[in-house]
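Here's the structure, in structure tokens; my notes come after.
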Amino acid sequence: MTRTAFVSKKLLAAALACGLLAAAPAYAQFAKPQDAVKYRQSAFVVMAASFGRIGAMVQGKAPFDAKAALQNAEIVAFMSNLPWQAFGPGTDLPDSHAKPAIWKEMDKFKADADKLQQMTPKLVAAAKTGKLDEIKVVFGETAKTCKSCHDAFREEL
């Protein structure tokens, strides 16, 4: 074996080891199915709280605050990327609010998640205008994506 090949194999081995070490915290985070459920539920709680604050403004139940609307829209957009990785095999636990349909219709579930992730940047863009009327329109469209997924995949306990 040439010195270059030896060095290349060493570098490849080191890169693989670094990759495995970098992935270890994510794996450890979901070492137990309950950990994944807690993670995704926490992400949904934060997302729902921020979305609800915008909803209160849109519905006239809270005074409109453009800065707060934008901050909450940004939180919703960020959080909309987090929960999906925690719907892995073995995480279909009772009392998790997740209907068994998620694991039977994973492609549809992922498509619904994608729709939400496509809508949230639009919500941020509308909030950046500072115009309540523009936020109302996009908020309503975003709420429809939430409702569609909830109707199909979320169980009320």
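The values are calculated or read from the model by the stated rules, or taken from the named source; none is laboratory data. This one's a predicted model, so the numbers in the text were calculated from it and none came from an experiment. Every residue, glycine among them, receives a Cβ derived from its backbone with ideal geometry; neighbour counts consider all protein chains shown.
Take Thr91 and tell me if it is farther than 17 Å from Ser50 by Cα, in the same structural domain as Ala49 (by TED's automatic domain parsing) and buried (at least 17 other Cβ atoms within 10 Å of the Cβ).
Considered against the rule, which asks whether it is farther than 17 Å from Ser50 by Cα, in the same structural domain as Ala49 (by TED's automatic domain parsing) and buried (at least 17 other Cβ atoms within 10 Å of the Cβ), Thr91 comes out as yes.
Condition first: at pLDDT 90 or above, surrounded by fewer than 14 Cβ atoms within 10 Å (Cβ to Cβ) and within 15 Å of the chain's Cα centre (by Cα). Can you find one or more residues in region 49-63 that meet it?
Checked region 49-63: at least one residue is at pLDDT 90 or above, surrounded by fewer than 14 Cβ atoms within 10 Å (Cβ to Cβ) and within 15 Å of the chain's Cα centre (by Cα).
Within region 110-120, can you find the residues that are surrounded by 15 or more Cβ atoms within 10 Å (Cβ to Cβ) and of a type outside the set (D, E, K, R)?
Result: Ala113, Leu116, Met119, Thr120.
Which residues, counting only those in region 132-153, are over 19 Å from the mean Cα position of the chain (by Cα) and without any contact (Cβ under 8 Å) to a residue 12 or more places away in the chain?
Within region 132-153, Asp133, Glu134, Val137 meet the criteria.
Could you check region 91-157 for helices (runs of 4 or more DSSP H) lying wholly inside it with 1 or more residues that are of a type in the set (Asp, Glu) and either under 13 Å from Ala69 (Cβ atoms) or out of contact with any His (no Cβ under 8 Å at 6 or more places or on another chain) (or both)?
Hits in region 91-157: 106-129, 132-153.
I want to confirm something. Restricting to region 31-48 and keeping residues that are under 18 Å from the mean Cα position of the chain (by Cα) and among the basic types (Lys, Arg), which single residue is nearest to Asp114 (Cα to Cα)?
By that ranking, first place goes to Arg40.
Please give the number of the condition Ala77 fails out of (1) of a type in the set (Gly, Ala, Ser); (2) over 25 Å from Ala126 (Cα atoms); (3) assigned to a helix (DSSP H, G or I).
Only one criterion in (1) of a type in the set (Gly, Ala, Ser); (2) over 25 Å from Ala126 (Cα atoms); (3) assigned to a helix (DSSP H, G or I) is unmet by Ala77, namely (2).
Test of understanding: among Lys122, Lys110, Lys131, which residue is under 23 Å from Phe30 (Cα atoms) and out of contact with any Pro (no Cβ under 8 Å at 6 or more places or on another chain)?
Of the residues listed, the single one that is under 23 Å from Phe30 (Cα atoms) and out of contact with any Pro (no Cβ under 8 Å at 6 or more places or on another chain) is Lys110.
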